[in-house]
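The values are calculated or read from the model by the stated rules, or taken from the named source; none is laboratory data. All figures in this text were calculated on a predicted structure; none of them were measured in a lab. No Cβ is skipped: glycine too gets one built from the backbone with ideal geometry, and neighbour counts run over all protein chains shown.
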Amino acid sequence: MHLFGEAVPISTAIFLFLTLALAFGFEMVNGFHDTANAVATVIYTHTLRPTVAVIWSGLCNLLGVLTSTGAVAFSIVALLPVELVLNVGSGAGFAMVFSLLISAVVWNLGTWYLGLPASSSHTLIGAIMGVGLANSMMTPGHVFGDGVNWGKAQEVFASLLISPVLGFVGAALLLVVMKAVVRRPELYRPPKGNTPPPLWIRGLLTLTCTGVSFFHGSNDGQKGMGLVVLILVGILPAQYALNPETTPAQVQAIVQRAERVQPILDKIGPNPITGQQAVDTISDYLKAKGSANRQTFEAVAGLNQDVHDRIAGKNSFRELSVPTRSAFRSDLYLLSASIAKLIKQHKIANAEDAKVLGDYSKQLDKETKFIPTWVKIGVACFLGFGTMIGWKRIVVTVGEKIGKEHLNYGQGASAELVAMATIGLADKFGLPVSTTHVLSSGIAGTMAANHSGLQSGTLRNIALAWLLTLPVCVLLGASIFAFAVYVLVHVFAVR
């Protein structure tokens, strides 16, 4: 049968639909948690009816997803072991995708069932670490821990740890300022029965819900998109190994830029290494403990020559055979990642050379780090479906169980304004943050600032869920990956 213009066996098509169902299932469960937080205040305060709130939030999520750059999606992918990303069509590559998605769905469903707001970001990152650690243990010649990009993990952890603190402190301070500036008593009262708030308060809360939903789509909504692209690359390489929207002019621009940077690379790597030796050298450099030496520079110079020679005189990537296309994707990925790491480690002494190489790296990224529009639409839709199904448990926790007093309008607005700003800022820098953590901690901050009291039992359970998320998902990811590798490689002989 034909899928996306590519002939595939029935078994491959079934496998594709299964993996895509898992990926979109993860996004649906993400909607149970994170998107439900975005609609919690408008539903709880009776500003909008649940159906209207969920549909509106879903549309705003869709807009956020469609306008996203994909930077957050590929920040998540950058945490994965390089060899698995490059060989995602192998048995180990498929095992990686399965283990990540199953681990995330299991933990998110469990915490949702208990009504505990949990972070899909922490869940996915924990599973990624588990896969990386298991892969380093199972691969001959690997050192334990080599499978985790610790530098990138450190950046992600920093954003995930700092964002709840910003949520708590920021929302508390904003509520204090709001009380001093906006002296309208009705803003600081809890809802009465099913009576909606005054029109101006409804407008304020609808605005904050809109902002949180949009920025959730532009940040949290990206987390599964990178994995969907990896699935497509592994199963349908003819169509998705490289950006299908690349124009002939863009192909030639890569050729011209490769010619421009070659003299720069030859200066620092005067005896270029090409072919598999270059690939192996750069792959070793990109590992967590990899360090640059003369051979690294020579491999980068040689790989750039290979990239240039493969597409010189061609107007489309489709002029390459499918196996060559997959190999070329790996070359582009390695070349871009190695240049970016050399620049980050200040290994390029000349500032002008570093700028030229940095622009080249970004240009190459566009060919391997792309997200098809239909994937963005699918992710947004399943986030909305998840919110429609599972919003109530999380909304009740956020509205009633964090503070000893019911959430009032001002508290909800303060928490959502801070969440909106925090997520938007993180999105600008391509860092994943948890809408759940930011908003829940923001609600707790407003309760503290309002002297409403905090329910220690609920906070203890939420904190315990947050603390357990990483270690449990590391264990889940590692265990499922090891089992999946055994089944796919030894039972089904998927190499």
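Computed values, structure above
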quantity	calculated
Residue in region 382-399 that is modelled with pLDDT of 90 or more, within 23 Å of Ser218 (Cα to Cα), buried (at least 24 other Cβ atoms within 10 Å of the Cβ) and not aliphatic (A, V, I, L, M) present	no
Residue within region 98-119 that is at pLDDT 85 or above, within 28 Å of Gly410 (Cβ to Cβ) and either among the charged types (D, E, K, R) or not in a helix (DSSP H, G or I) (or both) present	no
Of the criteria (1) more than 24 Å from Met28 (Cβ to Cβ); (2) in a helix (DSSP H, G or I); (3) assigned by TED's automatic domain parsing to the domain that holds Leu124, which one Pro191 fails	(2)
Test: Pro471 is part of a loop (DSSP other than H, G, I, E, B) and either outside the structural domain of Ala153 (by TED's automatic domain parsing) or touching a residue at least 12 places away in the same chain (Cβ under 8 Å) (or both)	no
Residue check for Val131: surrounded by 22 or more Cβ atoms within 10 Å (Cβ to Cβ), within 27 Å of Lys341 (Cα to Cα) and either modelled with pLDDT of 80 or more or in the same structural domain as Glu27 (by TED's automatic domain parsing) (or both)	yes
Residue match in region 49-65 (condition: hydroxyl-bearing (Ser, Thr, Tyr), touching a helix residue (DSSP H, G or I) at 6+ places or on another chain (Cβ under 7 Å), part of a helix (DSSP H, G or I) and modelled with pLDDT of 80 or more)	yes
Enumeration of residues in region 428-461 that are under 23 Å from the mean Cα position of the chain (by Cα) and crowded, with 24+ Cβ neighbours inside 10 Å	Pro432, Val433, Ser434, Thr435, Thr436, His437, Val438, Leu439, Ser440, Ser441, Gly442
Inter-residue pairs, beta-carbon under 8 Å, first more than 16 Å from Phe157 (Cα to Cα) and in region 60-82, second of a type in the set (Ser, Thr, Tyr) and crowded, with 21+ Cβ neighbours inside 10 Å, 6+ apart	Cys60/Ser213; Asn61/Thr35; Asn61/Ser213; Gly64/Ser213; Gly64/Ser218; Val65/Ser218; Thr67/Ser218; Ser68/Ser218
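So that you can scan it fast, the table gives a plain yes or no per residue for (1) closer than 30 Å to Gln239 by Cα; (2) in contact (Cβ under 8 Å) with a residue 40 or more places away in the chain; (3) among the β-branched types (Val, Ile, Thr):
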position: Ser316; (1), (2), (3): yes, yes, no
position: Glu352; (1), (2), (3): no, no, no
position: Leu364; (1), (2), (3): yes, yes, no
position: Ile371; (1), (2), (3): yes, yes, yes
position: Cys381; (1), (2), (3): yes, yes, no
